[in-house]
Protein chains: 2
Amino acid sequence: MAEIPTAAISRLVTYLRILEQLELQDVSRTSSTDLAERAGVTAFQVRKDLAYFGRFGTRGMGYTVPILKRELVRVLGLNRTWNVVIVGVGRLGQAIANYPGASDYQFQYVGLFDVNPDLIGTQVRGLRVQHLDTLRDFTQTQTVDMGFLAVPPDRAQDAAQSLADAGVKGILNFAPTVIQPRTTDRPGHTDLSDEWRGVIVENVDFLAGMKRLAFYILNPHLKDAPTPEDPT
Amino acid sequence: MAEIPTAAISRLVTYLRILEQLELQDVSRTSSTDLAERAGVTAFQVRKDLAYFGRFGTRGMGYTVPILKRELVRVLGLNRTWNVVIVGVGRLGQAIANYPGASDYQFQYVGLFDVNPDLIGTQVRGLRVQHLDTLRDFTQTQTVDMGFLAVPPDRAQDAAQSLADAGVKGILNFAPTVIQPRTTDRPGHTDLSDEWRGVIVENVDFLAGMKRLAFYILNPHLKDAPTPEDPT
DNA sequence: GGGTGTGAAACACTTCACAGCT
DNA sequence: AGCTGTGAAGTGTTTCACACCC
């Protein structure tokens, strides 16, 4: 199914970040070895990852920073505007809304939604918090590409359903729970329903990271630390 | 190097979360098929993941929820106290400090550190924010098992170095940057230095998740969605 | 010479089929 | 019969060696 490894996409994001830094430092050229060292992977890996999407370098020369950056931006789909709503505007949702860096590459918050009456009507980052029930109407007049889900875990599946019903095709789930990509509240209706067709869920789970860290502190030998390529 | 797949550890965390929910609902028994459906993986995968660590079920019967939960808690190392410091007490650091759920399984915040004079001395969640320079002294008298790194990306490597120098063996990095597990400010000294020996870094990167989501919305066929086991 | 791009080999992970216990 | 536990097969990912081009 997956001809391009999922892990390769994560690494591409890392390479892009490194290229941004290099550009800020007015470095114009780099190499797979240099990128590998900065990304903490092998140079083989860098070349293979890039090769999945094209030929961006020059043999004997390496890569030109602005060119490779532009190509990665294109590959990752960051050369367009992404309209984002945040569902759940508690402490976490507000921290996300205010976190710098999301507005790079044209990620734009276009709406904030919650169910807490105390929050609805308040302003966060210049946007008025609306009731989640109005999300569906909202998406009739406003394109929404992704939803950031920052509600308590017991509310996450319902809130995700609201996003799917509203036609939002991407969910970044911050709640420590698995989002079922199907409508779960109708018994006997567990097949991939229409509203969930094509919906992508990506997880960002702080509590899980904390627990994985605990495990690897106790079992450090199970953590694979890539060794950079040995230049002979 | 890795005899147990890294992905298996992430799934174990998910299974544990599901078992907690089941226990709250007074469900006493489960099966690999049931866990698989809730976790969004195959039943084969569940059984294999558990088999890496022992035999926790009964053939023909399935798993007893409290027993499997207890065993996963033990395997993940959550049956002990974990003392945590937060480095970086801006908006993100404060959101982390106040996020519910970390105190389950005895994760305890024992110190908050920053370099911003406006923050030092203030109270967050009942703890006084201290200067990062005092971290080393702090760890002389107080055991610290892990550090949560919530500083701006350009400060992350330095702050991570402070944690490593203070003898902290685990870093949960929230900054969108790669932490080099070595001392980088001494030229020609890029080998694995003593203070970094055995330090584990785990990343929780919201901006990377956002970019991966963008990619997969544009390329949904590259996202591998596991299909639950077909019960014949 | 030097560094990319890539088919092939090596390795890791997942899927499977079924033995074995209840 | 039912469901776990597990060696073996299958698949996917990483590593490698080197052809190729600057």
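The values are calculated or read from the model by the stated rules, or taken from the named source; none is laboratory data. Every value quoted in this text rests on a predicted model; they were computed, and no experiment measured them. Using ideal geometry, Cβ is built from the backbone for each residue, glycine included, and neighbour counts are taken over all protein chains shown.
Just a few scattered comments:
- Residue pairs meeting the criteria (Cβ under 6 Å; at least 6 apart or on separate chains; first closer than 13 Å to B:ILE171 by Cα, in region A:202-216; second part of a helix (DSSP H, G or I)): A:LYS211/B:VAL13; A:LYS211/B:LEU76; A:ARG212/B:ILE9; A:PHE215/B:ILE9; A:PHE215/B:LEU76
- Taking residues in region B:145-162 that are closer than 9 Å to B:ALA175 by Cβ, and partners anywhere that are part of a helix (DSSP H, G or I), the pairs with Cβ atoms closer than 7 Å and at least 6 places apart or on different chains are B:LEU149/B:ALA156; B:LEU149/B:ALA159; B:LEU149/B:ALA160; B:ALA150/B:LEU92; B:ALA150/B:GLY93; B:ALA150/B:ILE96; B:VAL151/B:ALA159; B:ALA159/B:LEU132.
- Whether a residue is under 25 Å from A:GLN157 (Cβ atoms) and within 13 Å of DNA strand C (Cβ to nearest atom) was assessed, and B:VAL41 passes this test.
- Answer residue from region A:1-21, given it is within 12 Å of DNA strand C (Cβ to nearest atom) and not in a helix (DSSP H, G or I) and is farthest from B:GLY209 (Cα to Cα) among those: A:MET1
- Hits in region A:6-32 - residues which are away from chain B (no Cβ under 13 Å) and hydroxyl-bearing (Ser, Thr, Tyr): A:SER28, A:THR30, A:SER31, A:SER32
- Taken together, the residues in region B:104-121 that are without any contact (Cβ under 8 Å) to a residue 24 or more places away in the chain and over 23 Å from A:TYR216 (Cα atoms) amount to 4.
- In region B:60-81, the condition of being away from chain A (no Cβ under 14 Å) and at pLDDT below 95 is met by at least one residue.
- B:PHE56 vs. criteria of a type in the set (A, V, I, L, M, F, W, C) and away from DNA strand D (no atom under 16 Å from the Cβ): no
- Elements of type strands (runs of 3 or more DSSP E) contained in region A:58-153, each with 3 or more residues being within 16 Å of the chain's Cα centre (by Cα): A:82-87, A:107-114, A:146-149
- Only one entry of A:VAL65, A:VAL84 meets the criterion of being away from DNA strand C (no atom under 13 Å from the Cβ), surrounded by 16 or more Cβ atoms within 10 Å (Cβ to Cβ) and not small (Gly, Ala, Ser), and that entry is A:VAL84.
- Count of region A:15-46 residues, restricted to those that are among the hydroxyl-bearing types (Ser, Thr, Tyr), closer than 13 Å to A:LYS69 by Cβ and buried (at least 19 other Cβ atoms within 10 Å of the Cβ), is 2.
- Single residue of region A:1-50 satisfying the filter (small (Gly, Ala, Ser) and free of Cβ contacts under 8 Å to residues at least 24 places away in the same chain) that is nearest to B:ASP224 (Cα to Cα): A:ALA2
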